[in-house]
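Novice: The structure is given below, and queries will be raised subsequently.
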Amino acid sequence: MSIAGIKVTKQALEDYDAVKRGKQYRFLVLNLTDDDKFVDTMEKADREASYEDMLQLLPEKEARFVVFDLEYTFEDSGVEREASKLLLIFWCPNGTKVRQKMMFASTLKELQSQFQGISKTIQATDASEVDRTGIIADLQK
């Protein structure tokens, strides 16, 4: 449970498992429920969805959590290889209301503990911080 007492719903955990193990979805967009007691799935995207599709769902003035199964190719000693990494994105743009920022920030550790197998957590306030090319470069370090 987070500092604010916010829990992850069973549905969100099942959806995460469907991304991680079942490769059923490309990404999930998660939000707090209206009563601010739970984190729940608000959007699920099929495997054909792109990174750009996910970016289009991020609001300008509200926070969100995103789980994204990032598949990419890279060169290793002259050989092209494929990789897949699970990302947890904490989207919190500058226009987000202070209360919502605090609720989401205090819930991040809970998500990290519940969503086992995340390769990288990204905290972003604008689109430049969730640039796909930059994230892939960072994953290869």
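The values are calculated or read from the model by the stated rules, or taken from the named source; none is laboratory data. Just so it is clear, the structure is predicted and the values come from calculations on it, not from any experiment. Methodologically, a virtual Cβ is constructed for each residue, glycine included, from the backbone with ideal geometry; neighbour enumeration extends over all protein chains shown.
Novice: What is the one condition in (1) surrounded by fewer than 15 Cβ atoms within 10 Å (Cβ to Cβ); (2) at pLDDT 95 or above; (3) of a type in the set (G, A, S) that G5 does not satisfy?
Specialist: If we test G5 against (1) surrounded by fewer than 15 Cβ atoms within 10 Å (Cβ to Cβ); (2) at pLDDT 95 or above; (3) of a type in the set (G, A, S), just (2) comes out false.
Novice: Quick one: in segment 93-116, of everything that is surrounded by 13 or more Cβ atoms within 10 Å (Cβ to Cβ) and among the small types (G, A, S), which residue is farthest from G5 (Cα to Cα)?
Specialist: The residue in question is A105.
Novice: Only one residue in E60, E48, E75, E80 is surrounded by fewer than 16 Cβ atoms within 10 Å (Cβ to Cβ) and within 24 Å of D17 (Cα to Cα). Which one?
Specialist: E48
Novice: So, of the residues in segment 74-124 that are among the basic types (K, R) and in contact with a strand residue (DSSP E or B) (Cβ under 9 Å, 6 or more places away or on another chain), which turns out to be nearest to L32 (Cα to Cα)?
Specialist: Once the filter is applied, the top-ranked residue is K120.
Novice: Kindly list, by first and then second residue, each pair from a residue in segment 128-141 that is among the hydrophobic types (A, V, I, L, M, F, W, C) to a residue that is surrounded by 15 or more Cβ atoms within 10 Å (Cβ to Cβ), limited to pairs with Cβ atoms under 6 Å and residues at least 6 apart or on different chains.
Specialist: What qualifies is V130/A124; I136/Y72; L139/K85.
Novice: Can we say I135 is within 23 Å of G5 (Cα to Cα) and surrounded by 14 or more Cβ atoms within 10 Å (Cβ to Cβ)?
Specialist: no
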